[in-house]
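Accompanying notes for the structure given below.
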Amino acid sequence: MRKPVIEFDRFTFQYRAQSEPTLHGIDLTIFEGEKVLVVGPSGSGKSTLAHCINGLAPHFYPGERSGSLKIMGEDASALGIAELSDTVGTVMQDPDGQFVGLTVAEDIAFKLENDGVSREEMIRRVRAAAEEVEAEAYLNASPQELSGGQKQKTTLAGGLVGGAPILLFDEPLASLDPYAGRATVELIDRLHRDSGRTIIIVEHRLEEMLHRPVDRIIVIDEGRIAADLPPDELLCSGLLREKGIREPLHLAALRYAGCALSPEIRPRSVETVDLEKGGRAEQLRRWHDANAPALRPTDREPLLEIERLTFGYDSADPVVNDVSLTVGRGEILCIAGRNGAGKSTISRLICGFHRPQSGTIRLGGRDITRDTIRERAETIGFVMQNPNHMISKPLLYDEVALGLVNRGVPEADIQDRVHETLRVCGLYPFRSWPISALSYGQKKRATIASILVLRPDILILDEPTAGQDFRHYNEMMNFLLKLNADGMTLILITHDMHLMLEYGQRAVILSEGRKIAEDAPARILGNAEWTEEAHLQETSLHRLARRVGISPEDEFVSRFIRADRGMN
Amino acid sequence: MAAKLLAYSDTGSPVHRLNGVTKLAVFLLIAVTGMVIYDTRCLLVMLAISLYVFFLSKVPFKQYSFVLYLIIVFSVLNQLAIFLFAPDQGTVIYGTRHELLPIAGRYSVTAEQLFYQFNVLLKYAVVVPPALLFLLTTDPSEFAASLNRIGVPYKIAYAVSLTMRYIPDVQQEYVNISTAAQARGIDLSRKEKLGRRLKNMISVLLPLVLATLERIEKVSAALELRGFGRGRKRTWYKGRSLTRKDWIVLACAVLLSAAAFAITFGKGSRFYNPFV
């Protein structure tokens, strides 16, 4: 008989600040040693579910609950966050925000310090936890020195050092590049298999999570459990698309090719899916042949030309090293690379936030290398990743007008231009609203509006879709596509492979400050050497093409993307 | 990039190897002694020892140069202010009046005043090196443990440590926010008029404050999830116990300050008077 470790029984939770419950009548039992994935769109209540398990709700985020929740047989309402942390080790998203120690070792030790464990035992247990996640090599490093993957390992070790039998992951992939994300998925799987811990993962990036098996997937939608199924059954149910969760790409390809899907063919991953029986491989090949070849990108008039650009805080160790690249008018260019590869630095150089040591930047044929930040801002717009970092006025109208006011544009013109821009961005109805009342996606669009109003020729966006679920991702990208269709040139700085693949017309890969590749995204993602350098991953589409013998693989990927664009 | 101001770097000197608690205790002891006594001879001896230990620590000049300049500027201002507001303080204390240079009205330079102000300067000079040493040679991780050890509640001690952890992040965030703001014409440089500059400053600080609040919420959740604040006491990963060397240094410091107090108050006055 399996032992239940977490039991929700007609459980309802309502935050104090909300007028309606975020979770309604949840009935859910998780058994010892299970590995469970919880998915759902933003605002579905999946994070709240996690917060109820680790006690953040109601102890940190106050609210009312009804029904019962038992953890290891004990009533959770009798336990505080600290007591629960002995049973449930939590690994939150964004390792940067939860690093509490000045070194890796101290950060891992934090739970033990609070429990008053003696120093000798602490050192032993920290070492053991670090070894379990393979972080022992950098125990003395400070958080600023670590890569994203190393940070994630550190927080993981900090979550398991207390010996909790349940590990809870709240969006563990959110701030990781695809390579580190995959390593994390593999690490979580190893922790599960080796120790028999119960693992609960809340994450909306389903395809990446399914790189390793999970026992069950729970779909949360509007505060209720919409499905509680093994992965193969869920994937065949069509429920994912209905609930706005991105289905794995290989599955969409099978669907487009008209293949019959059933749990028996194990569609959960591109490795396990059975392609031979039922002629699915043949169907895929036929679909490929029936679709027209992808169009070669047209030659465009160059808008931004970067020539042999070099920059470093320390001249002996350049962050951007002899990089040349050209962006065509009306193009969507993606710049990718692992953390520290120089992709943010290059955008900062383009905007004039740094002065290059050598090299030139030309815009529309004119040398702008000596122009000030403000002069460049007339033609180049830069949108930061976190909208809250750009918003400095309480009201939407004032925020969008700010750049024009600072430029001394006459009042009457300002109003016309702000209204026009707000219309383009779909924010016109909210023009007199306070920005704090907008959703995250709307805020993001507001920051884009505040740049667009200055009428730049080119827009640089740093991770435009980071932290957004599939629906918001589509909304944002459709908005950007519309801008692009109206003639706006876009540079997207990203390590989101879906984004590159679906929307990038060309991609540039940076590694250690140098440009190592420049090609169509589908071809870049099919090149093992380049993906490795940029910390990207080959997509499941490439592997699917290889498995059924379609060559070149990127051609299959391009045809898929075009078909996919037509469907949405 | 942000300068590595007052940053810890281990030069492996004997001072670095001392426990943070020792350094904090010695600093506090010297600060109190230096502030109370005015005995010039004692102050000079203490200064000599302070400077020697500072020299031993091999802390590179550029790590504290800025702070040092700041201290010098403020002590010069302080000296001027003393003279401006209390030009006869020296004669009152020492009971004699040797006028050297009359200026105007009640303002004239006396030997007593000069000597008094020299003593004030000396007091600063005695206190500054141990303060800098504590900041520069203590592993930041040991900071909180040290504070907690001498009786500061661990929640407050940890707040100090956490602030140090997040200073570089907030600095970086400020740079990012302000450069992006500049692109929208929010100028913070001297080219802008003062009133406008202050207004622009607010435009940059508002998102920074909001981002910091967001950060604080996240960190506090992370702290609680890992059992922070659970008991009245906690242990420290970096908390070292005192070694023999630490005890020797502590004993020396106590002896030194006891001697200074004994000499100073032995004659019944905090002041050493060379004028009688």
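The values are calculated or read from the model by the stated rules, or taken from the named source; none is laboratory data. These numbers were taken from a predicted model, which means no experiment stands behind them. As a convention, Cβ positions derive from the backbone with ideal geometry for all residues, glycine included, and neighbour counts pool all protein chains shown. Note: areas computed on protein heavy atoms with side chains; ligands, DNA, RNA excluded. Shrake-Rupley method; radii C 1.70, N 1.55, O 1.52, S 1.80 Å.
Rounded to the nearest 20, the size of the Cβ-charge dipole of segment B:140-237 about its Cα centre is 240 debye, with Lys and Arg at +1 and Asp and Glu at -1. On a per residue basis, segment B:140-237 carries 51 Å² of accessible surface, using protein heavy atoms and a 1.4 Å probe.
Quantify how much of the Cα-Cα distance distribution of chain B extends past 24 Å, in percent.
That tail contains 65 percent of the Cα-Cα pairs.
Relative to a virtual label point 7 Å from the Cα of A:Glu131 in the Cα→beta-carbon direction, which members of segment A:193-232 show backbone nitrogen distances below 18 Å? Backbone N within reach: A:194-196. Across peptide B:136-143, the mean count of Cβ atoms from other chains lying within 10 Å of each residue's own Cβ comes to 2. Measuring r between the beta carbons of B:Phe55 and B:Asn273 and using R0 = 35 Å, the FRET efficiency lands at 0.65.
Return the Rg/Rh value of chain A, two decimal places, where both radii are evaluated on C-alpha atoms and Rh is the Kirkwood radius.
My calculation of the ratio gives 0.97.
Here the dipole of chain A is about 1140 debye; that uses its Cα centre as origin and unit charges on the Cβ of Lys and Arg (positive) and Asp and Glu (negative). Taken along the Cα-to-beta-carbon direction at a fixed 7 Å, the label points for A:Asn478 and B:Met35 span 6.6 nm.
Compared with its chain on its own, segment A:367-388 contains the following residues whose accessible area drops by 30 Å² or more in the full protein assembly (probe 1.4 Å; ligands, DNA and RNA excluded): A:Ile373, A:Arg374, A:Met384, A:Asn388. Principal axis extents of the C-alpha atoms in segment A:445-522 (largest first, rounded to whole Å): 35, 28, 21.
Would you mind telling me the share, in percent, of accessible area of segment B:48-195 contributed by carbon and sulfur at probe 1.4 angstrom?
72 percent
Using alpha carbon coordinates only, what is the Rg to Rh ratio of segment A:211-265, with Rh defined as the Kirkwood radius? That ratio equals 0.96. In this calculation the C-beta distance from A:Glu121 to B:Ile156 is compared with R0 = 30 Å, giving a FRET efficiency of 0.70. Once B binds A, the 1.4 Å probe can no longer reach about 5000 Å² of accessible area, counting both sides. Counting only other chain Cβ atoms within 10 Å of each residue's Cβ, the peptide B:210-222 averages 4.
Placing pseudo-labels 7 Å out from each Cα toward the beta carbon at B:Ala81 and A:Glu375 gives an inter-label distance of 4.5 nm.
Each label point was placed 7 Å from the Cα along the Cα-to-Cβ direction; for A:Arg255 and A:Glu529 their separation is 3.7 nm. Counting 0.36 nm for each residue step from A:Arg329 to A:Ser77 and taking away their Cα separation leaves a gain of 84.7 nm.
Starting from the Cα coordinates of segment B:1-87, work out the convex hull volume and express it per residue in Å³.
128 Å³
When restricted to Cα atoms, segment A:387-455 yields an Rg and a Dmax of 10.7, 31 Å, respectively.
Of all lysines in the structure, the ones whose alpha carbon falls short of 29 Å from that of A:Lys443, not counting any fewer than 8 places away in one chain, are A:Lys46, A:Lys151, A:Lys243, A:Lys343, A:Lys393, A:Lys482, B:Lys199, B:Lys218. Computing FRET efficiency as 1/(1 + (r/R0)^6) for A:Thr12 and A:Ser439, where r is the C-beta to C-beta distance and R0 is 22 Å, gives about 0.35.
Length available on full extension from B:Glu192 to B:His98: 0.36 nm per residue minus the Cα-Cα distance, which gives 28.7 nm.
Per residue, how many Å² of accessible area does chain A show with a 1.4 Å probe?
That works out to 39 Å² for each residue.
Of the three principal axes defined by the Cα atoms of segment A:4-243, the extents in descending order read 47, 38, 31 Å.
The value of relative contact order for chain B, using C-alpha pairs under 8 Å at least six residues apart, is 33 percent.
If you roll a 1.4 angstrom probe over the protein chains with everything in place, what fraction of the accessible area of segment A:387-455 belongs to carbon and sulfur, to the nearest %?
That share works out to 53 percent.
What's the ranking of A:392-401, B:191-200, B:255-264 by average number of surrounding C-beta atoms within 10 Å, highest first? Numbers along the way, then the final one.
Numbers: A:392-401: 20.5, B:191-200: 12.4, B:255-264: 15.9.
Listed from highest to lowest mean packing, they are A:392-401, B:255-264, B:191-200.
For a quick protection proxy, order the peptides A:308-317, A:243-252 by their average other-Cβ count within 10 Å, most packed first.
Final packing ranking: A:243-252, A:308-317.
Averaging Cα coordinates gives a centre for segment A:1-45 and one for segment A:235-299; these two points are 32 Å apart. By the Cα gyration tensor, segment B:140-237 has an equivalent ellipsoid whose semi-axes, rounded to whole angstrom, run 37, 14, 10 from largest to smallest.
Shielding of peptide A:445-455 by partners, expressed as the average count of other chain Cβ atoms within 10 Å per residue Cβ, is 1.
Here segment B:94-117 is scanned for amide nitrogen atoms under 19 Å from the site 7 Å beyond the Cα of B:Leu44 along Cα-to-Cβ, giving B:94, B:111-117.
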